[in-house]
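Encoded as structure tokens, here's the structure I'll be asking about.
Every number here is computed from the coordinates shown, using simple stated rules; none is lab data. Note that the structure is a prediction, hence the values are computed from the model and not measured. All Cβ positions, glycine included, derive from the backbone under ideal geometry; neighbour counts span all protein chains shown.
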Amino acid sequence: MNKTTFINTVRFILLILLQVIIFNNINFLGYINPYIYILFIIFFPFDKDNRILFLFFSFLLGLSIDIFCDSGGVHAAACVCTAYCRPLMMRSVFGLSYDYHTIKIEKTHFGQRVNYLIILILTHHFILFSLEIFSFAHILLILKKTIFSAIFTLILCLIFISLFSRKSS
């Protein structure tokens with residue numbers, strides 16, 4: 001097992017445990033929940049050759065959260081859709097850097113990083129809450145949960161990225 005595989009395996013397990021044990025118990029005002037497990041999708045290595053593997057791991061990530069939360073597959077669907085759309089999101093934010101695989105999220109400009117995270121998190125949360133509520137009659141509730149949970153998740157993701165990124169010397 002190489003270093004990248006080991007790091008991704010540890011990240012996968014750790015993010016599931018953090019989400020299930022800590023972050024699923026945070027519920028501000030009834031509709032603000034952080035979903036920190038999305039960091040796995042954000043940090044997974046960018047390689048066009050392992051796209052099927054990435055989609056499979058994203059499905060496993062969402063399925064694991066669904067099993068612990070008894071949520072019927074909404075996290076798995078949101079993770080797979082977000083992972084499938086990630087190359088388009090990256091190309092729109094990072095441009096040629098994405099095409100040449102020279103991106104490290106922790107080393108990108110702050111503005112690009114925030115734009116990428118906002119697009120990815122909003123996509124994930126909108127799909128998640130749309131499937132969870134599953135009613136266009138409640139579109140305002142879906143949007144409210146999406147926006148406020150996305151803000152909280154974005155702040156936590158930025159904190160985690162800054163805390164755990166390797167400092168360049």
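Under 10 Å, Cα contacts only: if you run a Gaussian network model on the chain, which one of G72, G30, G95 comes out with the highest mean-square fluctuation?
The residue that fluctuates most here is G30.
How tilted is helix 3-21 with respect to the longest principal axis of the chain? Cα atoms for both, answer in degrees (0 to 90, nearest 10).
Approximately 20 degrees, to the nearest ten.
When only Cα pairs under 8 Å and 6 or more residues apart are kept, what is the percent relative contact order across segment 3-163?
25 percent
Springs between alpha-carbon atoms under 10 Å, Gaussian network over the chain: tell me which of I139, I65, I36 tops the mean-square fluctuations.
Residue with maximal mean-square fluctuation among I139, I65, I36: I139.
On the principal axes of its Cα set, how long, how wide and how thick is segment 1-107? Give whole Å, largest value first.
Here the spans come out as 42, 33, 25 Å, largest first.
Follow-up. Taking only Cα atoms, what is the 0 to 90° angle, nearest 10, from helix 74-94's long axis to the longest principal axis of the chain?
The angle comes out at about 40 degrees.
Then there's this: Springs between alpha-carbon pairs under 10 angstrom, Gaussian network model over the chain: which of L53, L154, L29 fluctuates most?
Top of the fluctuation ranking is L29.
Right, another one. Taking segment 97-158, which chymotrypsin sites (Phe, Trp or Tyr not before Pro) meet the DSSP loop condition and have no more than 16 other C-beta atoms within 10 Å?
Loop-located and lightly packed - Y100, F134.
To continue, here is another question. Taking the beta-carbon count within 10 Å as an exposure proxy, list C81, C157 from fewest neighbours to most.
Lowest count first: C81, C157.
Helix 51-69 sits at what angle to the longest principal axis of the chain, using alpha carbons and giving 0 to 90 degrees rounded to 10?
40 degrees
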